[in-house]
Amino acid sequence: MSAPPRQSTRNGLAIAAFVFGLIALPLAIFPFGMFPGPIAIVLGLLARRSPNLGVGNLRFARAGILFGVVGSIIWLVIYGLLAIIAS
């Protein structure tokens, strides 16, 4: 007898939020770096609404949201200052 296959306990939205959040931090210095931060925030918030979100996935979702917010703030500060200096 073989055991039934184990179901994956990972939440794809939480992992994607974490990855986009990590990408948002170094890309914040580039003009196109404005995209990964908000994507990470949205994916993290969607992942947190999942009914079967375990503790590990909750941590990935929270980290993705946090990194996305920090990356977005860095991008806004850099390009906000550039806009002020340029005017």
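The values are calculated or read from the model by the stated rules, or taken from the named source; none is laboratory data. Treat the numbers as computed from the prediction; the structure is a model and nothing was measured. When we count neighbours, we look across all protein chains shown, and the Cβ atoms used for this are built from the backbone with ideal geometry, even at glycine.
Residues that are in contact (Cβ under 8 Å) with a residue 12 or more places away in the chain and not aliphatic (A, V, I, L, M) within region 60-85 comprise 60, 62, 64, 67, 68, 71, 72, 75, 79, listed in sequence order.
So, in region 30-61, of the ones that are small (Gly, Ala, Ser) and at pLDDT 90 or above, which residue ends up nearest to residue 12 (Cα to Cα)? So, considering only residues that are small (Gly, Ala, Ser) and at pLDDT 90 or above, the one nearest to residue 12 (Cα to Cα) is 47.
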